[in-house]
Amino acid sequence: MRANSLMLLLASAALAAGCGGKPAPEEPAPQPTPAAAPAPAPAPADDSAERDRLDRERLAREAEERAKAVAADLAMMINFDYDQATVRQTDQATLDRKAAVLAANPNVKLQISGHADERGSDEYNLALGNRRAAAAKRYLENKGIDGSRLDVVSYGEERPLNPGHDEAAYAQNRRDEFQVTAGGDNLVAPQ
C-alpha cells in the first residue's frame, strides 16, 4: 500500500506543480470600443430674439390699427337738419372724439368742408355750407382746439354724396366732411 500511497502523493504533487499553485491570471474586462462621439445637438434657436421680433411686429400692427381708427375718427362726417347750420346733439360725440384726437396730435390740421342738398340757389347753398363748416370749427375751438389748425371751405350743393332727389339723399348731402391736411402721419390715439 505504500506504493499506492506514494503514487498518489506523486500525482498530487505533479498536479499541484502543474497548476503552479497560483490562480490563473484574470483577463481584463473587455473595454467598449470608442464609438464616434455623437454630434452635438443643434443649439436651440434664440427664442428671446424670435419673441422680440414677433413682439415688435405685433406692436407695429397694433399701432397701425390704432392709427387707422384715429384717422377714421377724424374723417367721420356730421350731418345737419334741413336749412340749419347748428351742430346736432347726435353729432356732438363725433366732434368730441375729433377734439380729443386733435389734442393728442398737435401737428394735425383739418379742412372742414360744408355741403348742402340741391334745394335752394347756388349762392344760398354755398353760404349755408360755409355756416355749417364754421359751426363745426367753433365747436372744436370751444373744446380747446386752436382755430389756426382748422380751415373752412364750402362746396354748397356742388359735391353731393348721394345723387338722388328724395329726402334720404338730401339728408346725406347736408353734411360737413373732414380731411387731414397736415400732420396725419403717425397719428396717436388720445389717452
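The values are calculated or read from the model by the stated rules, or taken from the named source; none is laboratory data. The structure presented is a predicted model; accordingly, all values stated were derived computationally and were not measured. Cβ placement follows ideal geometry from the backbone for every residue including glycine, while neighbour counts extend to all protein chains displayed.
So for segment 106-115 (the condition being at pLDDT 95 or above, buried (at least 17 other Cβ atoms within 10 Å of the Cβ) and more than 33 Å from the chain's Cα centre (by Cα)), does at least one residue qualify? Yes; the residues of segment 106-115 include at least one that is at pLDDT 95 or above, buried (at least 17 other Cβ atoms within 10 Å of the Cβ) and more than 33 Å from the chain's Cα centre (by Cα). Of all residue pairs spaced 6 or more apart or on separate chains, those with beta-carbon atoms under 7 Å, a first member in segment 88-107 that is within 18 Å of A134 (Cβ to Cβ) and a second member that is hydroxyl-bearing (S, T, Y) and surrounded by 14 or more Cβ atoms within 10 Å (Cβ to Cβ) are L95/Y139. Tallying residues that are of a type in the set (S, T, Y) and assigned to a helix (DSSP H, G or I) within segment 44-83 yields 1. Just one of the listed residues (R138, R174) is crowded, with 17+ Cβ neighbours inside 10 Å and within 21 Å of A93 (Cα to Cα), and it is R174.
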